[in-house]
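In what follows, a single structure is set out as structure tokens and then discussed.
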Amino acid sequence: MERAVPILPADALDVARAFYVDQLGFEVLFEASADGKRGLLGVGRGGIRLTIDSPMEGHGRAACVSIEVADVDALFAEWSARADVLREPRDEPWGARTFDLLDPSGNTLFVMGPQRGAGDSRPDQAPARPSPEGLEELHTDFARAMREGNTTGVLERLHPDYVLWSAGRPPVRGREALRSALDAAFERFAVEPTFDCEARAVQGDLAVERGWDVQVLHPRAGGAPLTQRQRVTLVSRRDEDGRWRFVWGMSHGVEGGAT
């Protein structure tokens, strides 16, 4: 079996241990620490695995991890009785039900699962067929707009309620919130983007992809190109017009690039 295990930074291992084990109901899988405050702590709950690293020197801080569960409301009821959560569960316009909370070191736990009744079916309604071809078209059109420096074209491939999670930064909500940043980037660079998809799951009109986003940035003022590489998780939805659009993006940290 293969599994990706997020590593979250912590200020003190004993504080993180109390939060995840005593409050959220995880169990300790391993612990390597001489003083109980610095070192590594592995915790698990069902199919969820996390590694806590204190002080996690040399890496980014304020991480975000997505936790996929079958019953969002049941987990909310359990965790909200033991810990402070940021908000109650809500149905997202892109088809998931979510809530989130912060651990003591400021890492975001973003919990997502199916909306209530999402598994119900009507006899007169056949389940939608997965359409990987439509997803490939979305990636092709998105990359073309990036190469052309077309901000409006990029935003048209995003759902109006698109949410971007970047490591160490607060979430950006709504595609229009990205317009000024895109305009500034396209003014400085000609962008050559590539998405290397490692895994894809399609269920009806919802798709989740994991892979590497690579952007080669060519300075318009001249000079050597810069390469920016980041591992990403993407959620896309097929809308009523039949077109796929990105509704959620999560960056797990950038390697290289420009400031």
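A short reminder: the numbers here are calculations on the coordinates, not readings from a lab. All values reported here derive from a predicted model rather than from experimental measurement. Here the Cβ is made from the backbone with ideal geometry for all residues, glycine too, and neighbour counts use every protein chain on show.
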- Mean Kyte-Doolittle of at least 0.5 plus a Cα span of 15 Å or more along the axis: flag which DSSP H helices in the chain meet both, please. none
- Query: Taking 0.36 nm per residue of separation and subtracting the Cα-Cα distance, what length does fully extending residue 155 through residue 40 add?
  - Reply: 37.3 nm
- About its Cα centre, what dipole magnitude does the stretch 173-259 give when the only charges are +1 on Lys and Arg Cβ and -1 on Asp and Glu Cβ, stated in debye to the nearest 20? 120 debye
- In a Gaussian network model over the chain where Cα atoms closer than 10 Å are linked, find which of 203, 115, 215 has the largest mean-square fluctuation. 203
- Task: Could you check which residue among 65, 191, 21 shows the biggest mean-square fluctuation in a GNM of the chain with a 10 Å Cα cutoff?
- Result: 21
- Message: With loop defined by DSSP as not H, G, I, E or B, and exposure as at most 13 other Cβ atoms within 10 Å, which is the longest segment of the chain clear of exposed GluC sites (Glu not before Pro)?
- Response: 58-239
- Query: Distance from the Cα centre of the stretch 13-50 to that of the stretch 185-253, in angstrom?
  - Reply: 33 Å
- Item | Order of 64, 197 - criterion: other Cβ atoms within 10 Å of each residue's Cβ, fewest first | 197, 64
- Message: Is there a quick way to get the dipole size of the chain? I mean about its Cα centre, with the Cβ of Lys and Arg at +1 and of Asp and Glu at -1; what is the value in debye to the nearest 20?
- Response: 380 debye
- Please identify the trypsin sites (Lys or Arg not before Pro) of the stretch 162-247 that satisfy two criteria: DSSP loop assignment and at most 12 other Cβ atoms within 10 Å. Which are they? 220
- What value, in deg cm²/dmol to 500, does the helix sum -39500 (n - 2.57) over DSSP H runs of n ≥ 4 give at 222 nm once divided by the residues of the chain? -5000 deg cm²/dmol
- FRET efficiency, 1/(1 + (r/R0)^6) with R0 41 Å, evaluated for residue 30 and residue 144 via beta carbons: 0.30
